[in-house]
Amino acid sequence: MLSLLLCCLSLFPKPAKEVSVQGTWKLVSGTVVEKGKSTTTQYTGDKSFIKVINATHFAFMGHDLSKGKDSATAMYSSGGGTYQLKGDQYTEHLEYCNAREWEGHDFTFTLRVTKDSLIQTGVEKIENLGIERLNVEKYVRY
């Protein structure tokens, strides 16, 4: 009887294992589409950028690898806050940011996680700054 039950249970598909977004992610590339113009930035050479996600908060940090010596390519970016994840909808509430005018805004992205890759796609919109752009970021688990 037990073997019959086990046999029957094996006919039902196993539920898909939920992939966690928690961890440290290294940004590989980012594409921004604004006013019909697309700009892609690679983060595999002279720039480095990571995002850390725990159970309730996220933080991001990015900088140039020339240590800011070249003012034309010097870059530093950081921020963080809380987030919500419902299915594939990921909403960041930006509480801290070196670009202070971005603080207090929410940004919703669709996430796709495959093995050790994460792709985040969404519109960043801040009306009072005239910002409305599509942002696609590709990360690998770090």
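Mind listing whichever residues of the range 68-103 are of a type in the set (Lys, Arg) and under 15 Å from His57 (Cα atoms)?
Of everything in the range 68-103, just one residue is of a type in the set (Lys, Arg) and under 15 Å from His57 (Cα atoms), namely Lys86.
Applying the criterion of being touching a helix residue (DSSP H, G or I) at 6+ places or on another chain (Cβ under 8 Å) and assigned to a strand (DSSP E or B) to the residues of the range 85-136, the residue that is surrounded by the fewest Cβ atoms within 10 Å (Cβ to Cβ) is Ile126. Note on the range 55-83: residues that are among the hydroxyl-bearing types (Ser, Thr, Tyr), over 16 Å from Gly45 (Cα atoms), open to solvent by 40 Å² or more (accessible area, probe 1.4 Å) and assigned to a strand (DSSP E or B) total 1. Within the range 43-54, the only residue that satisfies the criterion of being modelled with pLDDT of 95 or more and outside any strand (DSSP E or B) is Asn54. Any residue at all in the range 77-95 that's at pLDDT 95 or above, more than 19 Å from the chain's Cα centre (by Cα) and among the basic types (Lys, Arg)? No, the range 77-95 contains no residue that is at pLDDT 95 or above, more than 19 Å from the chain's Cα centre (by Cα) and among the basic types (Lys, Arg). Return a yes/no flag: does the range 21-42 have any residue that is open to solvent by 50 Å² or more (accessible area, probe 1.4 Å), outside any loop (DSSP other than H, G, I, E, B) and at pLDDT below 95. Yes.
The number of residues in the range 31-69 being more than 23 Å from Leu129 (Cα to Cα), of a type in the set (Ser, Thr, Tyr) and without any contact (Cβ under 8 Å) to a residue 24 or more places away in the chain comes to 4.
The values are calculated or read from the model by the stated rules, or taken from the named source; none is laboratory data. All figures in this text were calculated on a predicted structure; none of them were measured in a lab. All Cβ positions, even for glycine, are placed from backbone atoms using ideal geometry, and neighbour counts span all protein chains on display. To get the accessible areas, we keep the full protein, side chains included, count just its heavy atoms, and leave off ligands, DNA and RNA. Shrake-Rupley method; radii C 1.70, N 1.55, O 1.52, S 1.80 Å.
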